[in-house]
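First the structure, in the form of structure tokens, and then the observations on it.
The values are calculated or read from the model by the stated rules, or taken from the named source; none is laboratory data. Keep in mind that this is a model prediction, so the values were computed, not measured. Here the Cβ positions follow ideal geometry from the backbone for every residue, glycine too, while neighbour counts run over all protein chains shown.
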Amino acid sequence: MQEERVVISSGGIARLAGLFYLAYIVTFAAATFLRPSISWTDASMAVHTIQAAERMFRVADMLVWIADLFFLMAAWALYVLFEPVNRGIALLFLLLNLVGVCVESVFTLVGFAALLLANGAPFLGAFQPEQLHSLALLFLKISGSAKVTTLFYGAWLFPLGYLVVKSRMVPKILGVLLFLDGSALLVCFVQLNIFPGYEKWMYPLYPIMLIAELGLGLWLAIKGVKVVN
């Protein structure tokens, strides 16, 4: 019996990549918007906020994990799309994306553990309330300081940008914007780790990040790619 194979066209996989990328951006933005702000200096106040808005924290964490899945699927679709151009470089950006997604998922899980501490489950009876509050805030701070993700999320954009330019399947300007986006994220990585009190340095770079990744997602989802012989 002859094996049947399903072949997806370049245009189909390009639109799939664009839709996954857009789904990631929208879902992650929703998670960021829905997560309540907390006090980073008062453990008791932070725990009170968690207890009062526990469902929102849970929804935000769930959306981050869903966004990570969309991002990984977008990277896979982009790998399938650009693998014929240069398999090694396509594999490189896929691996860098995978590491970033794994790190972000683990840090989100650490933040989720703060909800358990805040609720004071019976098996935590060996701890005093003040200790649980401090641990919950500590876990939230660790989760909120996942700075290493910006390193991998910045690095993966360079091989991706190179393949966008090299392939000629999409406008080269998108590849240039991806290079700028990657550079901005690496600057962000340095700022977060060495100059944590200077967040304003990053404000001019945010539009570049948004235009580059939203632009790529929209182009692939709407226009697809042109076939280059």
*Return the residue satisfying two criteria in turn: it lies in segment 64-115 and is in contact (Cβ under 8 Å) with a residue 24 or more places away in the chain and acidic (Asp, Glu), and of such residues it is farthest from His133 (Cα to Cα).*
Asp68
*Is it true that some residue in segment 46-63 is touching a helix residue (DSSP H, G or I) at 6+ places or on another chain (Cβ under 9 Å), hydrophobic (A, V, I, L, M, F, W, C), closer than 23 Å to Val148 by Cβ and in contact (Cβ under 8 Å) with a residue 40 or more places away in the chain?*
yes
*Scan segment 20-43 residue by residue and report those that are assigned to a loop (DSSP other than H, G, I, E, B), at pLDDT 80 or above and either crowded, with 16+ Cβ neighbours inside 10 Å or among the small types (Gly, Ala, Ser) (or both).*
Arg35, Ser37
_Out of Ala114, Ala90, I need the residue that is small (Gly, Ala, Ser), under 29 Å from Arg15 (Cα atoms) and touching a helix residue (DSSP H, G or I) at 6+ places or on another chain (Cβ under 7 Å). Which one?_
Ala90
*Would you point out which residue out of Val103, Val110, Val164 is in a helix (DSSP H, G or I) and crowded, with 21+ Cβ neighbours inside 10 Å?*
Val164
*Are there any pairs, at least 6 apart or on different chains, whose C-beta atoms fall under 6 Å, with the first in segment 116-136 and modelled with pLDDT under 70 and the second surrounded by 10 or more Cβ atoms within 10 Å (Cβ to Cβ), and if so, which?*
Gly120/Leu132
*Would you be able to say whether some residue in segment 30-39 is of a type in the set (D, E, K, R) and under 15 Å from Leu140 (Cβ atoms)?*
yes
